[in-house]
1. How about the range A:106-152: which of its residues are more than 7 Å from chain C (Cβ to nearest Cβ) and free of Cβ contacts under 8 Å to residues at least 40 places away in the same chain?
2. Find the residue count for the range B:318-346, including only residues that are of a type outside the set (Ser, Thr, Tyr) and in contact with a Gly (Cβ under 6 Å, 6 or more places away or on another chain).
3. Can A:LEU68 be described as more than 11 Å from chain C (Cβ to nearest Cβ), surrounded by fewer than 19 Cβ atoms within 10 Å (Cβ to Cβ) and farther than 30 Å from C:ALA268 by Cβ?
4. Tally up the residues in the range A:21-55 that are more than 31 Å from the chain's Cα centre (by Cα) and not in a loop (DSSP other than H, G, I, E, B), please.
5. Looking only at residues in the range C:202-226 that are without any contact (Cβ under 8 Å) to a residue 60 or more places away in the chain and within 11 Å of another protein chain (Cβ to nearest Cβ), which one is surrounded by the most Cβ atoms within 10 Å (Cβ to Cβ)?
6. Using the structure shown, decide if A:LEU59 is more than 7 Å from chain C (Cβ to nearest Cβ), at pLDDT below 90, out of contact with any Asp or Glu (no Cβ under 7 Å at 6 or more places or on another chain) and part of a helix (DSSP H, G or I).
7. Identify the residue in the range A:7-16 that is of a type outside the set (Gly, Ala, Ser) and more than 7 Å from every other protein chain (Cβ to nearest Cβ) and, among all such residues, is nearest to C:SER79 (Cα to Cα).
Amino acid sequence: MRAAVRLAAWLYAIAVYGFIFLPVVVLILFSLQATSFPIPPFTGPSLRWYQAVLSDARLTSALVNSLLVAVLSSLACVTLGFLSAWGFARFALPGSALLRGLITLPLTVSYLIIGMGLLVLFNWAGVPKSLIAAGVGHVVINLPLCFAIIYSQMGDHQINIERAARDLGAPEWKVLLMITVPVMAPAIFAGFFLSMTFSWDEFVISFLLTRFETTLPVEIWNLLRSGLNPKTNAVGSLVFAVSIVLVVLFELTLLRRKTA
Amino acid sequence: MSAPLVDIRNVSHRFGQLAVLKNVSLAIEPGSYTILLGPSGSGKTTLLSILGGFVTPSEGKVFIRGADCTAVPPAKRPTTTVFQDYALFPHMSVGKNVGFGLRMQGVDGATRAAKAREALALVGLAASFDKKPHQLSGGQRQRVALARALVIEPAVLLLDEPLGALDLKLRRQMQDELKAIQKRVGTAFVHVTHDQEEAMALADHCVVMNDGRIEDEGPPERVYARPKTRFSATFMGESTILAGKAGEMRDGRVAVATKFGPISLPATSPVGATVALAIRPEHLILAGAKGDVALGTARVSDVVFQGSFKRVLATSARDPAFQFIAKAPAPATVQAGDTVAVSCNAQDIILLAD
Amino acid sequence: MSVAGTNGRALPWALVTPALAWTLLFFVLPFIAMGLSSLTAHEGGALTLANYSQFFTNPSYWRAMVNSLEVTATVTVISIVLAYPFAWILAEQVPERWQRLALMLAVLPFWTSYVVRSYSWLLVLAQNGVINRALTSAGLIAEPLQLANTRLATVTGFVHFFVMLLTLTIFANLKQLSPSYRKAAADLGAGPVRTFLHVVLPLTLPGIMVGAFLTVVLCIGDYITPQILGGNNELVMPQLVMMQIGRRGDFPLASALSIILMAVVTVAYLACARWLKIERA
């Protein structure tokens, strides 16, 4: 009986793993296709489609744009998130709970609707579509996340550490730079990396708010119009690789915090 | 006599509607070890925060070395606080932690390191200079926090339940060390605790607090032997409390009517006042030579062996609701169910206004 | 508690104002703009409720909402049913020291790009894709099946994503359960099945609800998966919204449809929130 349950459990787990990995394996496998269609039979391995991606100026500039937008919007997110988390955690502000709720509210709204709202607003205000507009949208969706992560890590112990520094004669700006930021570094990094991955992957806001210069997901979307193409597989695999690097970095900072 | 080092005058404080300190005045002498003792919610930690500058009192003034410090921020006053959770900077080495206050004063790196080493040597942690706080045990962190606060040579060192996070054995050991360090540096220490044993072991001056007020203050021996209030008598050690009514005063003695008959003791009290008589466990006599005040017989309900002595609970034969708390020597043969004659000596009875 | 020794009230407000201003300017204000836009006519800009009444009178719009709700409900149920046993196996059957790795592997494709993930499924489900090839060469079918551009494809793409998300939340919940609950139940005579039904399942219900809520919010608002995998045969709400912007530049109608979609999500949220509170009490 027990052995039967175990066997069933293993079979089930293998089936789910299979389901989860099927599209990823197919994607990567056919990115190495030698012929022009990413469908069976497999004719590779060949790196020609990776070469095609790397020599495609539109794709490479979209990749650079994506990284720029991800890094800059995430920097803005952690800066705004950190300052506000610090303010709310350290000082009793009137209506604090309500204001904190306001900052985290965008978490419950679809990206599509946030993008729509910005599109309508920018359209009225005469702001042209651009990477900056998309970056503004990315800050809207990731700021609540950074704020929530950093705010949740600012406990009583941190408050006492800052008090001790003040008590020993540190002026406010030294407390911030020498104590608060270093102590909160793991939470700040976590917020930064999560924002990076979400911004890097974001499609609909960038799609709505950019025009000529755009981000990689939008450019991939444009590629899709030409149907199934091993080049799309290659660029998809590259994007996946970058995300994995970000996730591993994120895990490592978490682990370092645990051992410290 | 010179002015006190710290003079707290008529301080009151409220958090919203809640009054946590009610017109408290307290003087702290240079080089003294003052303990603020009380249960949680008694206002002792708030009083310490006011001394440290973390809280500005709603009313009253705080003078340190004669200067009005009531609204002076923590960094600008000659006090330093040792926090209950130590508040060591987790990203800095022990040496950097201890040198932090000097760094803020603009002391150069070499002097800083030398002074930090000196301070660490004082607390017996010279070898831990380069370690990180998380590599130290609880007791060691406590000592680093102490060194960090002492190295900038404050006039008053404030300790907020400094031993609260330690286990009992370490606690008693750190108690002895704290006292020794305080004697060596000669700085005035103000220490908050709810542990009366800690208070008795450490204090030169013991301040018993309850409900935002100072109930009693003085040398711990005096507070224990002659507590001023009923709260102080029960919080600082155990007592058997006997209700009574004061009668005529004669020859410096007052006759108190109690359920065990009139008891005459050397004290003063207005005639007709309701009073409480407190008797310390070690002053109740259960066997052997009788004391001069008889308290009837009692049935032993419980005997708890405590190592060096036995704690005896006995129910009065006259009033089953009345319980004696007594102390018997460890070898005593007393056990539950025994009937004993209880007595005490009149000079050991503490008379408290009720 | 009042904190002394700070620079009055100016500093705290200086700290929180930038984030608040950002949220007001780029989240609340756009929302108001969208609300106003939804009340204006596409041609001429006069005040009107026509955009909303269109939704209630035009059957193809209604149909899109029904499709959205049906797809979302199907995806949520299937994902929970698939993910719960999987999370349970990871938490209970996999040896402790392999668990972290097993979980990381289980959610690895989570980090592929959203667009790329849907595209990958298209490769799998296409007319001459992996599945059809495998089935025909095995002799199981004579003609390739129509798998892509169907609701089945949309649901498959969604389930793939949400199984990973739900596995994460349910796994976390199962690991949070103190083992002493199970020991206590076993000690009191409950067998493994009854322990699971009466102790483990009720205690992990909050985790399921949180995951389900996330699934509903993300699924009902997603444009990419239905667009790539479902095609244009059967529209869902986000496709309808994008269509108004893309083809016709009809911002007012797109705004009205967005607001209706958000209202539906809010109702779902309120329903879930009440449910969660009852659970906790």
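1. A:ALA125, A:GLY126, A:VAL127, A:ILE132, A:SER152
2. 3
3. yes
4. Qualifying residue count, the range A:21-55: 0.
5. Once the filter is applied, the top-ranked residue is C:GLY221.
6. Taking the combined requirement at face value, the residue does not satisfy it.
7. Among those that are of a type outside the set (Gly, Ala, Ser) and more than 7 Å from every other protein chain (Cβ to nearest Cβ), it is A:ILE14.
Yes or no, residue by residue, for (1) free of Cβ contacts under 8 Å to residues at least 60 places away in the same chain; (2) away from chain C (no Cβ under 11 Å); (3) more than 13 Å from the chain's Cα centre (by Cα); (4) closer than 20 Å to A:PRO23 by Cα:
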| residue | (1), (2), (3), (4) |
| --- | --- |
| A:ILE179 | yes, yes, yes, no |
| A:MET184 | no, yes, yes, no |
| A:LEU194 | yes, yes, no, no |
| A:PHE198 | no, no, no, no |
| A:VAL204 | no, no, yes, no |
| A:PRO217 | no, no, no, yes |
| A:TRP221 | yes, no, yes, yes |
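The values are calculated or read from the model by the stated rules, or taken from the named source; none is laboratory data. In this text, all values refer to a predicted model and were calculated from it rather than measured experimentally. As a convention, Cβ positions derive from the backbone with ideal geometry for all residues, glycine included, and neighbour counts pool all protein chains shown.
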